[in-house]
Amino acid sequence: MIGQRKEVREPGAVEYLEKALDDFDRARIHAAEELRSVVEDAKDRVLEWQQQLDGASDEVRRELGVLAVRAQRSPTALKEMSEEIKHHRKELKHDKEHAAAL
């Protein structure tokens with residue numbers, strides 16, 4: 001038994017692949033956590049802006065609306081905004097008619 005050497009096996013393709021998959025999984029988890037944090041921060045900022053906008057004058061609201069439209073980069077976004085405007089216009093009209101009936 002003296003002089004016997006233990007053979008050291010080099011990692012093979014399977015081991016490299018498993019390590020790569022483990023690394024990828026850790027990166028995916030980290031990215032998901034980071035993205036979740038960014039989304040939460042953005043939601044908080046939007047809520048703050050909405051609260052500030054609630055106290056803004058009609059002139060400021062109009063200007064912000066115009067800036068929001070100009071900031072859009074796709075026809076789809078503009079279409080969605082248009083649909084939201086139509087929906088909100090109906091709500092305002094309904095609220096006005098309801099207030100007049102009282």
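The values are calculated or read from the model by the stated rules, or taken from the named source; none is laboratory data. All of these numbers come straight from a predicted model, not from anything done at the bench. Here Cβ is always computed from backbone atoms with ideal geometry, including for glycine, and neighbour counts include all displayed protein chains.
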*From K90, K43, K96, which residue is basic (K, R) and at pLDDT below 90?*
K96
*Exactly one of (1) part of a helix (DSSP H, G or I); (2) modelled with pLDDT under 95; (3) small (G, A, S); (4) surrounded by 10 or more Cβ atoms within 10 Å (Cβ to Cβ) is unmet by A31. Its number?*
(2)
*Can you give me the number of residues within region 65-95 that are surrounded by 10 or more Cβ atoms within 10 Å (Cβ to Cβ) and of a type in the set (S, T, Y)?*
1
